[in-house]
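Below is one structure; the comments refer to it alone.
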């Protein structure tokens, strides 16, 4: 026993193009705010380098997943996702991360929370953030989740075993409706600052869609090119803040950056085009159905988030959305939508149907790889618990 530090079990896992620290529910304090204080300490506190903890000093790698036995009879495990800030003392539980969701099944199998069934174990994950269900298919062998395979995803070196996730149950998870404003398109009027045509869709996570042309963009810009354009970033946050208000995430638009930086996501979409990725990969116009650049946590995503993929697929199946209008007729009918992002391409299976005049998702599935990087203990100062 250490004289002035507590030891807490944890694992570091890559899920898709993100990385998170995984904790078992019972290994963390049950009461808030102590639980978040412990998580923040484990990650390194408020520090843009996160040098004193396990955080990766990046929005894609400063994430936490808390896993435990399911509190729903129809599910196998509970999964609580948190985006851990390194610029403010907060863990944002308002959203979800589809990439990290792909590591939940392998973690649950290896932790003995789910009985492994060869060759594929189907797991029903209770996403506690929104009380929805994610279905995942995990390859297994000899009672363990498999990691090594031949499936490649853009933004991750090498290959891995393909994991399938279906998020169709997450439509309207945050707002109660697939279309939070009740319409496929809205005009956000900011007077002298301009008016913008957008679509707000809630599937996986709430997301604002806007055409690149309406922001004076080509649509194939790199994340760094967009972030370096401060007037553009200010306009993006102005629009995103109004969507946050309409989605009921904040009471005032000016509070969005501080109180709801994670959601809604913000996607800048444009028609298929040839472009070069920041990682040297080349994307051909014929390989994609839509090009998108996505913002979350007030930063541009270097690849594409899983829940953003789900929502983009959903928007592609809703006639009249900003994204739908930029698709070819063939793509509108296709079962798989190919999204061109800053590091390559991601595919999403998407389908919807009308029921009594309302649009419902019937399929919202995508593929990821995941693997365990480390099992061990993180040391937390005992003074945190006082």
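Observations
- Fully extending the segment from residue 255 to residue 52 would add 70.1 nm, taking 0.36 nm per residue of separation and subtracting the current Cα-Cα distance.
- Beta bridges per DSSP with both ends in region 186-367, % antiparallel, nearest 5: 80
- Shown for 283, 133: other C-beta atoms within 10 Å of each C-beta, ranked fewest to most, produce the order 133, 283.
- Cα gyration tensor of region 186-367 - equivalent ellipsoid semi-axes, whole Å, descending: 24, 21, 14
- Each stretch of four or more DSSP H residues adds -39500 (n - 2.57); spread over every residue of the chain, this sum gives -5000 deg cm²/dmol at 222 nm.
- DSSP beta bridges fully contained in region 1-148 are about 75 percent antiparallel.
- Short-range pairs are left out: with C-alpha atoms under 8 Å and at least six residues apart, the relative contact order of the chain is 19 percent.
- Nearest 10 degrees, 0 to 90: helix 306-316 Cα axis against the chain principal axis: 30
- On Cα atoms only, tilt of 98-110 relative to the major axis of the chain in degrees: 30
- Among 259-272, 96-109, 216-229, the peptide with the highest mean count of other Cβ atoms within 10 Å heads the list, and the full ranking is 96-109, 259-272, 216-229.
- Relative compactness, the chain, computed as alpha-carbon Rg over 2.2 N^0.38 Å: 0.96
- Distance from the C-alpha centroid of region 325-386 to that of region 14-36: 21 Å, rounded to the whole angstrom.
- Contour excess over end-to-end distance, with Cα ends at residue 115 and residue 177 and 0.36 nm allotted per residue: 18.9 nm
- Relative contact order [Cα under 8 Å, 6+ residues apart], region 186-367, whole percent: 21
- The Rg/Rh ratio for region 130-277 is 1.04, where Rg is the radius of gyration of the alpha carbons and Rh is the Kirkwood radius.
- Mean Cα-pair separation over length for region 1-153, i.e. relative contact order, pairs under 8 Å, 6 or more apart, %: 19
- Legend: calculated FRET efficiency, residue 190 to residue 88, from the Cβ-Cβ distance at R0 = 25 Å, rounded to 0.05, equals 0.40.
- Inter-label distance, nm, simple model (7 Å from Cα along the C-beta direction), residue 151/residue 9: 2.8
No value in this document is a laboratory result; all are computed from the given coordinates. In this text, all values refer to a predicted model and were calculated from it rather than measured experimentally. Backbone-built Cβ (ideal geometry, glycine too); neighbour counts: all protein chains shown.
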